[in-house]
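Down below is the structure, laid out as structure tokens.
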Amino acid sequence: MHKILIVEDDETIRMGLKYFLENEHFEMMEASNIEEAKFKLDDQPDLILLDLGLPDGNGFDLFEMIRQHDHIPTIFLTAVDEEVSIVRGLDMGADDYVTKPFKARELLSRINNVLRRYHRKHDQNMIRIQNITIDLNGARVRKGDIDVMLTALEYRILLILGLHPGKVYSREQILADIWDTNEAFVNDNTLTVYIKRIREKIEDDPNNPKIILTVRGLGYKVSAHE
Ligand code: CA
């Protein structure tokens with residue numbers, strides 16, 4: 001589970017995002033000013049949502065301070081009249097920014113993009129899909145902190161989809177991909193069964209899947225979010 005620290009003095013925004021992102025399986029930490037935020041950094045957030053105008057200083061200052069000894073992916077939350085100064089933030093190495101008012105969904109997709117980019121760079125051998133981690137080295141799959149036992153074929157199917165979140169794979173593509181690597185006979189019907197079994201192991205509610213999505217008439221895709 002990824003930890004997000006939100007540094008924002010506007011309580012409505014802070015509480016709204018906390019509620020929304022907790023529902024999206026993030027662990028949330030909050031700070032309403034720079035002093036508080038400094039303490040929260042000890043808990044090692046995976047990402048920071050950083051308001052620029054804070055009561056005890058500027059979000060840039062905190063960002064600069066953090067960057068001196070650590071790289072924590074950061075998305076700035078800016079007001080319209082701060083958009084010009086955001087160039088400075090991006091020059092300093094901020095990962096992204098959103099301008100208020102923004103849609104929570106939009107921010108969520110930015111968060112997921114930033115985290116994906118970051119992990120692709122720093123952790124090539126690990127795929128994270130919501131609360132699922134696939135360790136490519138050990139061919140191990142975990143749901144939160146719990147090991148998920150997948151058969152070789154189930155693992156292979158999850159991997160095909162998980163390597164490219166958002167990309168739709170037709171049933172034929174998946175079948176073609178597992179054809180060489182597996183001796184068991186898999187046809188169109190058994191693929192449905194395999195997908196169902198994987199969902200039973202990794203989804204919170206297999207009847208209402210959030211990780212392996214069926215794209216009607218096209219095939220399947222893994223959703224890293226939403
Ligand atoms: Ca503010």
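Total residues in region 86-104 satisfying the condition of being among the hydrophobic types (A, V, I, L, M, F, W, C), farther than 18 Å from residue 13 by Cα and open to solvent by less than 30 Å² (accessible area, probe 1.4 Å): the figure is 2. The set of residues from region 51-65 being out of contact with any Lys or Arg (no Cβ under 9 Å at 6 or more places or on another chain), closer than 24 Å to residue 109 by Cα and not in a strand (DSSP E or B) comprises 52, 59, 63. Scanning region 5-16 for residues that are in contact with a helix residue (DSSP H, G or I) (Cβ under 8 Å, 6 or more places away or on another chain) and either within 13 Å of the ligand (Cβ to nearest atom) or closer than 12 Å to residue 40 by Cβ (or both) yields 5, 6, 7, 8.
For residues that are among the β-branched types (Val, Ile, Thr) and within 24 Å of residue 81 (Cβ to Cβ), scanning just region 23-71, find the one that is nearest to the ligand (Cβ to nearest atom). Looking at residues that are among the β-branched types (Val, Ile, Thr) and within 24 Å of residue 81 (Cβ to Cβ), I get 34.
Name the residues in region 107-165 that are among the charged types (D, E, K, R), assigned to a strand (DSSP E or B), within 22 Å of residue 205 (Cβ to Cβ) and open to solvent by 60 Å² or more (accessible area, probe 1.4 Å), would you?
We begin by selecting, within region 107-165, every residue among the charged types (D, E, K, R); these are 110, 116-117, 120-121, 123, 128, 135, 140, 142-143, 145, 147, 154, 156.
Restricting the remaining residues to those that are assigned to a strand (DSSP E or B) gives 128, 135, 140, 142-143, 147.
From what's left, within 22 Å of residue 205 (Cβ to Cβ): 128, 142-143, 147.
128, 142, 147 - these are the residues of region 107-165 that are among the charged types (D, E, K, R), assigned to a strand (DSSP E or B), within 22 Å of residue 205 (Cβ to Cβ) and open to solvent by 60 Å² or more (accessible area, probe 1.4 Å).
Look at (1) in contact (Cβ under 8 Å) with a residue 24 or more places away in the chain; (2) more than 20 Å from residue 44 (Cα to Cα) and you find that residue 111 fails only one, number (2).
Check whether at least one residue in region 175-191 is open to solvent by less than 70 Å² (accessible area, probe 1.4 Å) and either aromatic (Phe, Trp, Tyr) or in contact (Cβ under 8 Å) with a residue 40 or more places away in the chain (or both), and report yes or no. So far as region 175-191 goes, no, none of its residues is open to solvent by less than 70 Å² (accessible area, probe 1.4 Å) and either aromatic (Phe, Trp, Tyr) or in contact (Cβ under 8 Å) with a residue 40 or more places away in the chain (or both).
Of all residues in region 9-50, those satisfying the criterion of being within 22 Å of residue 108 (Cβ to Cβ), open to solvent by 20 Å² or more (accessible area, probe 1.4 Å) and over 18 Å from the mean Cα position of the chain (by Cα) are 9, 10, 11, 12, 13, 14, 15, 16, 30, 32, 40, 43.
The values are calculated or read from the model by the stated rules, or taken from the named source; none is laboratory data. What you see is a predicted model, and the numbers here were worked out from it, not measured in a lab. In this analysis, Cβ positions are derived from the backbone assuming ideal geometry, glycine residues included, and neighbour counts consider all displayed protein chains. Quick note on the areas: whole protein, heavy atoms, side chains included, nothing else; ligands and nucleic acids left out. Shrake-Rupley method; radii C 1.70, N 1.55, O 1.52, S 1.80 Å.
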